[in-house]
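Accompanying notes for the structure given below.
The values are calculated or read from the model by the stated rules, or taken from the named source; none is laboratory data. Computed from a predicted structure; not experimentally measured. Every residue, glycine among them, receives a Cβ derived from its backbone with ideal geometry; neighbour counts consider all protein chains shown. All accessible areas refer to the heavy atoms of the entire protein, side chains included, with ligands and DNA or RNA removed. Shrake-Rupley method; radii C 1.70, N 1.55, O 1.52, S 1.80 Å.
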Amino acid sequence: MERDSSDEEEDRENLIPQNDRRNDGIKSPNHSPVASFQIDDLKSRILGTTSRFNKRYLFAILLPLVILILYFTTDLKNLFQTHISILKNPDNASVNRMRESELRALYLLKQQELELFKLWNYTALVNNKSSLSALNNNNDNSGNSSSISSITMLEDLKSKLFSQISFNRRIQGVLLSSHDSGDFVDFNSNYSDASFEDWSRCRKVDQMLSDRRTIEWKPRSNKYLFAICVSGQMSNHLICLEKHMFFAALLNRVLVIPSARVDYEFSRVLDIDHISKCLGRKVVVTFEEFAETKKSHLNIDKFLCYFSLPQPCFMDDERVKKLKGLGLSLSKVEAVWSEDTKKPKQKTVQDVLAKFSSNDDVIAIGDVFFADVERDWVMQPGGPIAHNCKTLIEPSRLIIVTAQRFIQTFLGKDFVALHFRRHGFLKFCNAKKPSCFYPIPQASDCISRVVERANTPVIYLSTDAAESEIGLLQSGVVWNGKTVPLVQRPARNSAEKWDALLYRHGLEGDAQVEAMLDKTICALSTVFIGSGGSTFTDDILRLRKDWGSASVCDEYLCQGELPNFVAEDE
């Protein structure tokens with residue numbers, strides 16, 4: 001009962017007496033309880049709506065400002081990038097296992113790299129021994145051929161090893177890229193010799209110029225050797241001219257360059273003055289300079305013919321008539337020994353001095369293209385004569401610069417050059433044993449192998465082949481599943497400026513200038529493929545050797561292979 005009484009009193013305190021509400025309602029006679037309630041409710045609604053309206057506008061204004069501030073002050077890339085430190089989380093067991101596996105793989109790759117380097121160093125040792133063996137067997141053709149073949153195989157093996165070592169290092173680099181290098185041992189240390197990084201399968205040949213054997217060319221000013229070159233085309237005549245220079249140096253005579261009226265116009269393709277500049281003295285003169293000096297006595301005092309067969313000095317009546325047409329008076333043409341152009345014998349310096357020394361002012365020895373005198377001495381890089389240049393007989397400056405401009409326009413630094421002789425070559429090659437004329441599909445395969453070895457994307461083609469042969473050759477030269485383009489010199493186009501020098505100096509369209517331009521481009525290539533038995537190829541190889549551009553990958557077309565089909569004789 002006490003609990004009920006207290007509850008009653010509490011309820012009484014919380015309830016509002018009805019009399020109090022009525023007294024509040026009658027304080028003003030015009031007061032309406034309903035109206036008072038509606039006005040208060042309206043005010044509260046208006047204030048609530050205004051507050052919500054202001055908040056929306058304020059939010060709409062502030063939101064872009066916040067976004068702009070975040071945009072310019074926050075590095076979103078780093079915000080969303082997973083940092084490498086996650087890998088250091090010891091709680092992430094799977095990531096740690098992956099990390100451990102990568103380190104184990106790196107260790108195994110490093111062991112593989114060390115084993116590959118052991119093989120690399122071993123092949124280098126064997127290669128050096130094979131090279132020495134090849135030099136010792138230089139006079140034994142069969143042995144020398146076998147040694148060269150062995151060296152080629154070793155170079156191919158080294159190329160494969162180089163590729164695998166490089167591939168190994170690339171894998172190591174990929175695995176290391178996901179790790180913080182500061183926490184690990186250096187895996188990039190080089191355990192090979194320093195030459196490895198610069199090694200190339202088709203590297204330049206070391207010509208060992210310091211071992212050159214040379215002779216000084218110091219001619220007597222009033223003693224001349226009159227050059228006569230008859231056999232073959234321009235390339236043969238250039239080789240003949242080079243051998244004449246050697247004879248002139250041995251005999252201490254000034255060399256007279258043949259006149260364009262009886263020979264090629266050498267001044268259009270060669271820099272004649274370059275020869276004398278390289279020696280620092282006057283060692284060669286043009287026929288015109290010689291004629292000016294010998295106005296009152298324009299003759300050849302003595303013919304000392306090097307070859308007696310098929311005719312003395314290898315000159316026919318037509319050549320003798322042309323020489324006399326220059327105003328020259330000629331002595332009797334006679335040979336100093338029995339020597340046949342078809343079977344030339346090896347001769348020494350002593351042999352030459354004994355037979356060709358003379359006190360006569362002007363002598364001639366006839367065509368010496370086939371002469372075999374001190375072969376190793378004459379064929380060494382730079383030639384047998386001491387001089388201050390890379391080579392004495394080289395293209396004119398205009399031709400060299402034009403070749404460089406062509407390479408810059410069409411080829412770039414790395415390209416293979418191919419001299420592909422075909423015109424008149426079928427009969428010439430088939431007369432030799434073995435033949436040097438290859439079917440187009442076989443030639444394409446040989447060229448493709450060299451391109452793969454040289455790792456070059458383009459070929460410069462110097463050829464006299466028909467368009468049908470060129471088209472078939474082009475379709476067959478493939479590397480990495482793609483056809484390798486064969487680039488030839490285009491016909492003159494005024495929009496192209498690479499040949500502007502020749503055009504401005506009146507050399508455009510000259511067949512001999514264009515042939516020398518082809519030679520120069522080929523001589524500047526990364527790798528050269530020549531035609532065996534061609535003196536055009538031989539002259540390119542001479543330039544590459546003298547200029548230092550010769551590569552260990554240079555070779556004759558399908559070298560070491562026989563044609564897979566040879567036609568019968570007529």
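A few notes on this one:
- Restricting attention to region 202-236, the residues that are in contact with a Phe, Trp or Tyr (Cβ under 7 Å, 6 or more places away or on another chain) and of a type in the set (Lys, Arg) total 1.
- Scanning region 338-359 for residues that are in contact (Cβ under 8 Å) with a residue 24 or more places away in the chain, in a loop (DSSP other than H, G, I, E, B) and open to solvent by 40 Å² or more (accessible area, probe 1.4 Å) returns SER338, LYS342, PRO344, LYS345, THR348, SER357.
- Subset of region 243-275 that is among the basic types (Lys, Arg) and under 21 Å from LYS347 (Cα atoms) - its residue that is nearest to the chain's Cα centre (by Cα): LYS243
- Complete set of residues in region 290-314 that are closer than 19 Å to CYS229 by Cα and either among the aromatic types (Phe, Trp, Tyr) or in a loop (DSSP other than H, G, I, E, B) (or both): PHE290, ASP301, PHE303, TYR306, PHE307, SER308, PRO310, GLN311, PHE314
- Residue in region 231-252 that is of a type in the set (D, E, K, R), touching a residue at least 24 places away in the same chain (Cβ under 8 Å), open to solvent by 20 Å² or more (accessible area, probe 1.4 Å) and within 23 Å of VAL378 (Cβ to Cβ) present: yes
- Residues in region 360-380 that are open to solvent by 20 Å² or more (accessible area, probe 1.4 Å) and either in a loop (DSSP other than H, G, I, E, B) or small (Gly, Ala, Ser) (or both) were compared, and the one that is farthest from ARG489 (Cα to Cα) is ASP360.
- Filtering region 476-510 to residues that are open to solvent by 70 Å² or more (accessible area, probe 1.4 Å), farther than 20 Å from ARG397 by Cβ and not in a loop (DSSP other than H, G, I, E, B) leaves LYS482, THR483.
- Residues within region 382-420 that are open to solvent by 50 Å² or more (accessible area, probe 1.4 Å), more than 23 Å from PHE266 (Cα to Cα) and either of a type in the set (Ser, Thr, Tyr) or not in a helix (DSSP H, G or I) (or both), tallied: 3
- The set of residues in region 527-560 being part of a loop (DSSP other than H, G, I, E, B), touching an Asp or Glu at 6+ places or on another chain (Cβ under 9 Å) and over 14 Å from VAL416 (Cα atoms) consists of CYS558 alone.
- Scanning region 421-462 for residues that are open to solvent by 10 Å² or more (accessible area, probe 1.4 Å), touching a Ser or Thr at 6+ places or on another chain (Cβ under 9 Å), not hydrophobic (A, V, I, L, M, F, W, C) and not in a helix (DSSP H, G or I) yields ARG421, ARG422, HIS423, ASN455.
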